[in-house]
Amino acid sequence: MDASIRKENGWLALAGLFWLHEGENRFGSEPSNDIVLPAPAAPPIAGSILLEHGRARLQGFTPGLLKVDGRDVDQAVLAPDTSGDPNRISLGPLAMIILERGSRTGVRLWDNSRADRLSFPRRIWFPEDPSWRIHADFHPHDPPKRLLVPSVSGDELEEAGPGRVAFNSQSAVHHLEALSTDAGGLWLIFGDRTNGNETYPSGRFLTCPAPEAGKVLVDFNRAYNPPCAFTMFATCPLPPAQNSLELRIEAGERFVPHPGALA
């Protein structure tokens, strides 16, 4: 688990998030740039990203300085993260991709020389508790329900919800609206009454296998923190309004405040 956030171009290597404006957006280490890169990895002005009606195009200013997907490139049209296969710009230990969030287009920056990749505290977890490994009921929505999912960046996305998970705990039935994973399982974004003290203030994530015969295994021991627990440059989704549970789930990942986190 720790290795996943410390890896190259992982969450602890994130070093910036810049929202682009229409037209030319220059990048380099000079503070007057629209996208300010760390020195000495980047020269004062390295290039620009031209944004035209949501389409981003790279222009390098020094031949051979930039790579796109590992190839020396001075100009390129850049596919965003929402394409499923974003182009990656690299400059020494630095990497950038285009991301789209709602109506906004931005640049995500990684710096693989960041000290946080080594200095960030180890992740901590509640002791394994079999009582939080629950065979819950799954109630599909037909057609899928439209869920409003807010994010820390202020955007609110409408996502397709395949169904609702229902489980018993503390003599009551609790419900969570689910999203779908790429692998065909369920993704739960939830809050509970441990948030802010023992666990991450904004809530946690949990992936579950695909439901079978109206049942789904919900193992809260596998609940984990969103990327915003590790970096202030993530754009994490927050629990939908329906997914704030009125109980304490003392299972899964805990949270230790850190200067790099977005608490």
- Which labelled figure in (1) 0.94; (2) 0.98; (3) 1.02 is Rg/Rh (Cα atoms, Kirkwood Rh), once derived from the coordinates: (3)
- Message: Net charge within 11 Å of PHE138 by Cβ-Cβ distance, Lys/Arg positive one each and Asp/Glu negative one each, not counting PHE138 itself?
- Response: 0
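Extension gain ASP69-LEU217, at 0.36 nm per residue separation less the Cα-Cα distance, in nm?
Details: separation 148, 0.36 × 148 = 53.28 nm, distance 3.87 nm.
Stretched out fully, the ASP69 to LEU217 stretch lengthens by 49.4 nm.
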- Query: Which of the peptides 241-247, 23-29 is most tightly packed, and how do the rest follow, going by the mean number of other Cβ atoms within 10 Å of each residue?
  - Reply: 23-29, 241-247
- Item | Rough spin-label spacing in nm, given labels placed 7 Å along Cα→Cβ, for VAL173 and LEU118 | 5.5 nm
- Report ³J(HN,Hα) in whole Hz for each residue of the stretch 96-103, in order, from the Karplus equation J = 6.51 cos²θ - 1.76 cosθ + 1.60 where θ = phi - 60°; Gly and Pro get x. 9, 9, 8, 10, 10, 9, x, 8
- Around PRO63, with a cut-off of 10 angstrom between Cβ atoms, what is the net charge of the other residues, counting Lys and Arg +1 and Asp and Glu -1? -2
- Over the chain, cysteine residues that find no other Cys C-beta under 4.7 Å are CYS208
- Relative contact order (%) - the chain, alpha-carbon pairs under 8 angstrom, separation at least six: 16 percent
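Values in this text are rule-based calculations from the coordinates and carry no lab data. All of these numbers come straight from a predicted model, not from anything done at the bench. All Cβ positions, glycine included, derive from the backbone under ideal geometry; neighbour counts span all protein chains shown.
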